[in-house]
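Below: one structure, written as structure tokens.
Each value in this text was obtained by applying a stated rule to the coordinates, not by laboratory testing. Keep in mind the model is a prediction, meaning the values are calculated, not measured. Note that we place each Cβ from the backbone using ideal geometry, even for glycine, and neighbour counts take in every protein chain shown.
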Amino acid sequence: MSRKHNHRNLNGLHGPDDHCSGEKPGSRHENHGTIVVMDDEDILLETIGAMLESLGYTAVCYNKGHEVMSFFQDAITANRKIDGMILDLTIRGGMGAIEIIKQIRKMDAKLPVFVISGYTDSPIMENPGAFGFTASICKPFRKPQLGKMLEMHVHSQPGGNVKQLPGRRIDAACIADASGSLSRKAGIIP
């Protein structure tokens, strides 16, 4: 897996311990695809990128909105597939998720775009679909919550099809029940 972030080497970083996810150590999800991540806090950007890679995705990480838009426009021009985006709601001194989603939706109505934030009481986090997002997840979150959100909404299939489900908020406190599915009690708010 490769990750881009201002040309810095991010090798050797680790996300939350695998035992928190209920996975056997060393097990990997059978996911694939490219997920673009934007956060202005380097440690979070690096941690989310490492989580995505451990879930089987390629993470392309940026800390500025204009970099995300440039990468997205270049991908469209080159006909390269992006399977999803994870965007921080607010970026100090720059373009945040709201500004980006408005531009993205003009060019791609189906791309799964997720908003992340520590502002849990934000109307955007409560009802992401109303603002053009696929789903939201509150910081801090763990790899199992991120994995469940992506499993629900990002489906890379041959031919470049991306399936999009209605917007939902996934609370960072959500946990999988014994069958591995999530319930309202576990934190998914329809």
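Listing Ser122, Ser136, Ser117, Ser70 from the residue with the fewest other Cβ atoms within 10 Å to the one with the most, what is the order? Please report the intermediate quantities before stating the final value.
Numbers: Ser122 17, Ser136 27, Ser117 20, Ser70 12.
Ascending Cβ contact count within 10 Å gives the list Ser70, Ser122, Ser117, Ser136.
Could you work out the percent of alpha carbon pairs in the stretch 105-157 separated by over 17 Å, rounded to a whole number?
Numbers: 535 of 1378 pairs.
Value for the stretch 105-157: 39 percent of Cα pairs lie more than 17 Å apart.
Taken along its principal axes, the alpha carbon cloud of the stretch 39-107 reaches lengths of 30, 29, 15 Å, longest axis first.
How do Met51, Met107, Met152 line up, fewest other C-beta atoms within 10 Å first? Provide the component values of the computation, followed by the final result.
On the way: Met51 26, Met107 11, Met152 17.
If I rank by nearby Cβ atoms, fewest first, I get Met107, Met152, Met51.
Listed values for the stretch 107-112 are Karplus-derived 3J(HN,Hα) couplings in whole Hz (6.51 cos²θ - 1.76 cosθ + 1.60, θ = phi - 60°), namely 9, 8, 7, 9, 4, x, and x replaces Gly and Pro. Two numbers describe the Cα atoms of the stretch 74-123: Rg and Dmax, which are 12.2, 39 Å.
Would you please name the trypsin sites (Lys or Arg not before Pro) within the stretch 87-147 that are DSSP coil residues with at most 16 other C-beta atoms within 10 Å of their C-beta?
Qualifying residues, ordered by number: Arg92, Lys110.
Can you sort Thr90, Thr34, Thr134 so the residue with the fewest Cβ neighbours within 10 Å comes first?
On the way: Thr90 15, Thr34 20, Thr134 24.
Exposure proxy ranking, most exposed first: Thr90, Thr34, Thr134.
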